[in-house]
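Visitor: This is the structure I have questions about; it appears just below.
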Amino acid sequence: MTEDMRADERPDITDDDSEMESSRAPLLDHLIELRSRLIWSIVALAVASIGCFFIARPLYNVLLGPLVVVAEELDRQDTTFELIYTAPLEVFFVQLKLALFAGIFVAFPIIGWQMYSFVAPGLYKREKGAVLPFLIAAPVLFVIGAVFVYFVMLPLISRFALSFEQLGGDGIAAITPQIKVSEYLSLVMALMLAFGLSFQLPVILSLLGRAGILGTETLRKGRKYAIVGILVSAAFFTPPDLISQVMLAVPVYCLYEISIWCVSMMEKKAAEEEAARQEEDS
């Protein structure tokens, strides 16, 4: 037997090993492919961001929706609710930032597929089937977090912020909110990023459970540490108000409990597959 015998002629090599052997390539080829994947990802992000720039103004008005609705509910004396900008190009840069932020959402399917296509040749067939559900779940959970911010968090924070307004008269000074265009967008982006990333907890823990790094018992015993970590993260990622921190900590902890259930189901499935494999061997 020569060393260059084909993998399919060797009795001690499985189909998965043959697949891995055939997918090997020199380091330079991998770097060239990585460069190509990165170029396509950057092009997708650039095209999506340019397209979103032309709808940045309507998109910003959509993000203003919760704040405007709350302002109208508070029976303000002003006929319209106004935001201000204090720099000549502030609104322009806000639109650029919003276009890039929205472009990431639009281009993520292409970017995610490029990432998966780069690592897929190094995975076994069963590993490819295991990674794909997580690749789909990650953007879905991120969007759920962003939707939660828009429909739950922004109305609460807007109501809390506008509640400090005070009408003047009879020796009482008027207190009028003057919210900057850039500061409101920064708040929205910070909240959506915080909630979107925090909602990735089931994906991360499930991947760790799938890899055998974390188990159900470990996650159950670590609940108290998880609570502390979630509260610290909520205080770090959200604005310095108790409402935002609680509204982030509660759903993230619920996702932690869901992660325990997911890891438990994967462990049961792995145990069943191992039992079936042992029966076939015997």
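Visitor: Go through VAL263, VAL232, VAL228, VAL246 for me and flag whichever is β-branched (Val, Ile, Thr) and closer than 24 Å to ALA137 by Cα. Steps first, answer last, please.
Guide: Working: VAL232 fails: closer than 24 Å to ALA137 by Cα; VAL228 fails: closer than 24 Å to ALA137 by Cα; VAL246 fails: closer than 24 Å to ALA137 by Cα.
None of the others qualify; the one that does is VAL263.
Visitor: Determine if the range 199-221 includes at least one residue that is surrounded by 18 or more Cβ atoms within 10 Å (Cβ to Cβ), charged (D, E, K, R), part of a helix (DSSP H, G or I) and in contact (Cβ under 8 Å) with a residue 24 or more places away in the chain.
Guide: Yes: the range 199-221 contains one or more residues that are surrounded by 18 or more Cβ atoms within 10 Å (Cβ to Cβ), charged (D, E, K, R), part of a helix (DSSP H, G or I) and in contact (Cβ under 8 Å) with a residue 24 or more places away in the chain.
Visitor: Answer yes or no as to whether GLY129 is in a helix (DSSP H, G or I), small (Gly, Ala, Ser) and modelled with pLDDT of 90 or more.
Guide: Numbers: in a helix (DSSP H, G or I): yes; small (Gly, Ala, Ser): yes; modelled with pLDDT of 90 or more: no.
Considered against the rule, which asks whether it is in a helix (DSSP H, G or I), small (Gly, Ala, Ser) and modelled with pLDDT of 90 or more, GLY129 comes out as no.
Visitor: Taking the condition of being under 22 Å from SER182 (Cα atoms) and either in contact with an Asp or Glu (Cβ under 7 Å, 6 or more places away or on another chain) or in a loop (DSSP other than H, G, I, E, B) (or both), how many residues in the range 79-112 meet it?
Guide: Final tally of qualifying residues: 9.
Visitor: For the range 23-67, which positions are over 30 Å from PHE81 (Cβ atoms), touching a residue at least 40 places away in the same chain (Cβ under 8 Å), part of a helix (DSSP H, G or I) and of a type in the set (Ser, Thr, Tyr)?
Guide: SER41
Visitor: Kindly establish whether PHE236 is more than 22 Å from ALA56 (Cα to Cα) and assigned to a loop (DSSP other than H, G, I, E, B).
Guide: Details: more than 22 Å from ALA56 (Cα to Cα): yes; assigned to a loop (DSSP other than H, G, I, E, B): no.
Answer is no for this residue.
Visitor: What pairs come up if the first residue lies in the range 239-252 and is within 13 Å of VAL149 (Cα to Cα), the second is at pLDDT below 85 and of a type in the set (Lys, Arg), and their beta carbons are under 7 Å apart, counting only those six or more places apart or on different chains?
Guide: Close Cβ pairs satisfying both conditions: none exist.
Visitor: Now, a different point. Of LEU98, LEU185, LEU167, LEU156, which residue is over 24 Å from LEU205 (Cα atoms) and touching a Cys at 6+ places or on another chain (Cβ under 9 Å)? Working first, answer last.
Guide: Numbers: LEU185 fails: touching a Cys at 6+ places or on another chain (Cβ under 9 Å); LEU167 fails: touching a Cys at 6+ places or on another chain (Cβ under 9 Å); LEU156 fails: touching a Cys at 6+ places or on another chain (Cβ under 9 Å).
None of the others qualify; the one that does is LEU98.
Visitor: So, one more: On the basis of being surrounded by 11 or more Cβ atoms within 10 Å (Cβ to Cβ), modelled with pLDDT of 90 or more and under 21 Å from PHE151 (Cα atoms), does VAL181 make the cut?
Guide: Values: surrounded by 11 or more Cβ atoms within 10 Å (Cβ to Cβ): yes; modelled with pLDDT of 90 or more: yes; under 21 Å from PHE151 (Cα atoms): yes.
Criteria met by VAL181.
Visitor: Could you tell me whether any residue of the range 77-89 is surrounded by fewer than 12 Cβ atoms within 10 Å (Cβ to Cβ), modelled with pLDDT under 95, of a type in the set (D, E, K, R) and within 30 Å of MET153 (Cα to Cα)?
Guide: Taking every residue of the range 77-89 in turn, at least one turns out to be surrounded by fewer than 12 Cβ atoms within 10 Å (Cβ to Cβ), modelled with pLDDT under 95, of a type in the set (D, E, K, R) and within 30 Å of MET153 (Cα to Cα).
The values are calculated or read from the model by the stated rules, or taken from the named source; none is laboratory data. Because the structure is predicted, anything quoted here is derived from the model rather than measured. Virtual Cβ from ideal backbone geometry, glycine too; neighbours counted across all protein chains shown.
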